[in-house]
Amino acid sequence: MTMGDLKELRNKIAVVGVGNTAYGNFPEIEDYGLGAQAFSRALDDCGLERDQIDGLLVCRVPYYARMGEVLGVHPRWTATMPPHGRMSGMGIIEAMMALQCGAAQYVALIYTNIGRSRRVTYGGEDASSFWDPWGFTSPGGAHAMMFRMHMEQYGTTTRQLAEVSVAFRKHAILYPDAIMKKPITIDDHETAKFIVEPLRLLDYCLISDGATCLIMTTADRARDLRKRPVLISGVGAKDDYHDASVLNFAQDCWYGPLQKVAQESYEMAGVSPADVSALMCYDNFSPTVLFSLEGLGFCKRGESGPYVEGGTLALGGKLPTNTDGGHLSNTYMQGWAHNIEAVRQLRGECGARQVPDCKVVQFVQATPCTRSIVYTLG
Amino acid sequence: MTTTTYNKPLPIDNVSARPFWAHAKEGRLVVQHCDVCGHLHFPPGPVCPACLADKQSFQQVSGRGTLVSWVHFHRAYWDGFQGDLPYNVCLVRLAEGPIIISNLVGELPEKLRAGVGVTVVFDAVSEALTLPRFKLD
């Protein structure tokens, strides 16, 4: 293995267990309680004993050591990620590297969020920045700014954007754990209230309480566990901090970083966009999905609007995307639930929302830290 | 005598950014200039992102730029904006290169388009704070 060549890690590391809590509004449960529940379910899912876990990566959990104390987990490798919506892809890749070099044998990755019951707004006082005096705030504000640029440059319309929310809502209705169950139409999207115009309520992610857990190990160890392992076949990574003073913003809507992670992860996995059975796409706001489709090469730059028309992203469409409902209609677990859904789709566990003949599932996050992960069944 | 308190968010007190606000109060729009490599950047920071030199100054710019994007906030994340809803926020590329987030002032046309020219105006929103804003050319 040459230094810096991640291709050697193709199919070496697996996700073997996944678990999630119910999603919603749980003022009576503390975040550590939610984390413990997701952890127990992930252990059951793979058949490992608690004491076999020797790696712990936590995200949005207030204190890693308290999490370890609560779970009775005292690992030899601990990592903690800030509560930002871009740490899922980063965390999974960090754990992959830790497992590959032997820092740990079985890593539990735990994410908790109590933002719903504690009324987190993600703007104003919750996210102070240089631009506050002009009233500019919130990740949604930045995405509205980017989507306006896309509208101006390429003629993309809000009716095209609505296709994203409508498709994901259809999926949430088919997924028992998902929060949003009311069907919506393109017209519903067009008449929803504006939050930061041109974006409307239905372009915004939910804010929800809940927790997730993934358990990862090496492909060799994975063979002895309860279910068929889901392998990490390709990863790609590119950070772009040029416009970091404007939270969640990039002047090119992350087109450059997306192209780079697409090339890296497809080449490593030996697949192309045409091979992707289902896409799990970070969707804090619906425009991110359009940006991701362009940068990954599912359509040409500027053509994501026409590309998504007519239900392309819905089950039965050309590219089923966020089959659990995503952040827009399932839950806001900041990318972690997307990766769980990737695992369940490949295992064929998705019931009414199962993608037939599901062979390759890709996770992508178009954010200041852009990541792509290509999963296949082991 | 009635005193009205300014109830919108104030600039975060940041040592690098203080001169920007002082210049704005005097009616000057400035960006940060690297005295070693000449790079212009905004918002201000402790070193030049192009060459890492810490010898930096502030350079007055023309105040002209082009409109890149704009949005309308229909939600007040601070109570002070409640009475202004919906209010606009714009993204301007200054003629000298850097981008700045601000507000458009004056009458906006029915069909605003990216690429139109804008010019800075100085809006003394309180005794202590002047905001550089932009009007359409």
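Structural remarks
- Helices (runs of 4 or more DSSP H) fully within region A:178-273 counting 1 or more residues that are more than 14 Å from every other protein chain (Cβ to nearest Cβ), among the aromatic types (Phe, Trp, Tyr) and touching a residue at least 40 places away in the same chain (Cβ under 8 Å): A:255-269
- Test: residue in region A:59-72 that is in contact with a Lys or Arg (Cβ under 8 Å, 6 or more places away or on another chain) and touching a residue at least 24 places away in the same chain (Cβ under 8 Å): yes
- Among strands (runs of 3 or more DSSP E) entirely within region B:22-121, having at least 3 residues that are at the interface with chain A (Cβ under 9 Å from one of its Cβ atoms) singles out B:64-73, B:87-94, B:99-102.
- Count of region A:127-166 residues which are in contact with a strand residue (DSSP E or B) (Cβ under 7 Å, 6 or more places away or on another chain) and hydrophobic (A, V, I, L, M, F, W, C): 6
- Top-ranked residue in region B:122-131 [being more than 9 Å from chain A (Cβ to nearest Cβ) and outside any loop (DSSP other than H, G, I, E, B); ranked as farthest from residue A:252 (Cα to Cα)]: B:124
- Residue A:341 vs. criteria free of Cβ contacts under 8 Å to residues at least 24 places away in the same chain, among the acidic types (Asp, Glu) and farther than 18 Å from residue A:273 by Cβ: no
- Test: residue in region A:139-153 that is crowded, with 24+ Cβ neighbours inside 10 Å, more than 12 Å from chain B (Cβ to nearest Cβ) and of a type outside the set (Lys, Arg): no
Every number in this text was worked out from the coordinates using simple rules, so none of it is lab data. Quantities reported herein were computed from a predicted structural model and do not represent experimental measurements. Cβ atoms come from the backbone with ideal geometry, glycine included; neighbour counts cover every protein chain shown.
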